[in-house]
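Participant: Dropping a structure here in C-alpha cells format, bear with me for questions.
Since every read-out is calculated from the coordinates, none of them should be taken as a lab result. Worth saying up front: this structure is predicted, and the values here are computed from it rather than measured. Cβ: placed from backbone, ideal geometry, glycine included. Neighbour counts: every protein chain shown.
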Amino acid sequence: MPEQVVQTGGYMIAAYIVTAVILLAYTIILARRIGKRHD
Amino acid sequence: MTLAQRGRWTTIGALVLLAGIYVRALRYTPVEAHQGLAQKIFYLHVPAAWSAMLSMGFVGLASILYLLLKDMRYDRFAAASAEVGTVFCCVMLTTGPLWARPIWNTWWTWDARLTLTLMLFFLFIGYLVLRGAVTDPSLRPRYSAVVGICGLTLLPFIHLSVYLFRTLHPMPIVLKPSAPSLPAPMLVTLLLSFGVFTLLYIGFVMQRYALGEGTSDA
C-alpha cells in the first residue's frame, strides 16, 4: 500500500509540475511578445 | 496603465493565487480514500478543462457577434481567446492522462469524453492555423468565425457525453442539476481553483488582445 501511495504521488507531482511549467511558459512567451512589439 | 500591463498584473496575481491553490490542495485538502494522492490532480485538471471550455465558448460567441456586427474587436477577442484556450487545453490533456494512468491503468482511452475533448484541442489548433494561413484580412475573420462557431456547438456534446455514452470518465460532480457531491474541503479547494483559473484566463486574454491591437495580424 505505501508503494502504491508513492506511485500515485509521483503522477500527482508530475501533473502539478507540468501545469506550472505550461502556465509559466505562456506567461513568459506573452511578456516577450509584448516586449518585442514595444521595441 | 495600458491593457497589456493590466493583463500582466492580473496574470501575476493569478499565478500567486495558483501557488496558494497548490499549497491548499497538497497540504490542507484530505486525501481521497480510493484514488490516493492521484485524485489531487482533480484540482488542476477540472479547472483547466473549465477554462478551455470557457475559452471556446467565448470564441464561438465572439465569432457570432463578429458575423452579425462586422466589428473587428470581436474577431480580435476570439483570436485571443482561442490562443489562451489552446494553453488550457494543453494543461487538461497532460494532467488527464497523468491522472488516468494510476486509476484506469491506461494513459488514454478512445471513449466519448476524451475523444471529443481531443477534437476540441484540434479545433483550437485548426482555428489558429487557419488564421495564420489566410492572409486576406477581409476573409480571415469570416473563415475563423465559422470554425469558432463549430467549436461552440461541440461544447454541449463534451459536457453531456458522459450521460449520452458509456464512458470511463466520471460523471460531473459540480456542474449538474443536483447539489455538488464532494466533501466541503474538497469542494472549497475546487471552487477556489475554478476562480484562479478564470482569473488566469482573463489575464492571458487581456495581454493577448492587447498584442493584437493596432495590427492586422491578430
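Participant: Using the structure shown, decide if B:ALA52 is assigned to a helix (DSSP H, G or I), without any contact (Cβ under 8 Å) to a residue 60 or more places away in the chain and either under 22 Å from A:TYR16 (Cβ atoms) or in contact with a strand residue (DSSP E or B) (Cβ under 8 Å, 6 or more places away or on another chain) (or both). Working first, answer last.
Facilitator: On the way: assigned to a helix (DSSP H, G or I): yes; without any contact (Cβ under 8 Å) to a residue 60 or more places away in the chain: no; either under 22 Å from A:TYR16 (Cβ atoms) or in contact with a strand residue (DSSP E or B) (Cβ under 8 Å, 6 or more places away or on another chain) (or both): yes.
No.
Participant: Looking for whichever is of a type in the set (Lys, Arg) and within 14 Å of chain A (Cβ to nearest Cβ) here; the options are B:LYS40, B:LYS70. Which one fits?
Facilitator: Matching residue, one of B:LYS40, B:LYS70: B:LYS40.
Participant: Can you pull out the residues in region B:165-194 that are in contact (Cβ under 8 Å) with a residue 60 or more places away in the chain and either touching a Gly at 6+ places or on another chain (Cβ under 8 Å) or assigned to a helix (DSSP H, G or I) (or both)?
Facilitator: Selection gives B:PRO185, B:MET186, B:THR189, B:LEU190, B:LEU192, B:SER193, B:PHE194.
Participant: Something else: Give me the residue from region B:1-31 that is more than 10 Å from every other protein chain (Cβ to nearest Cβ) and not in a helix (DSSP H, G or I) and, out of that set, nearest to the chain's Cα centre (by Cα).
Facilitator: B:THR29
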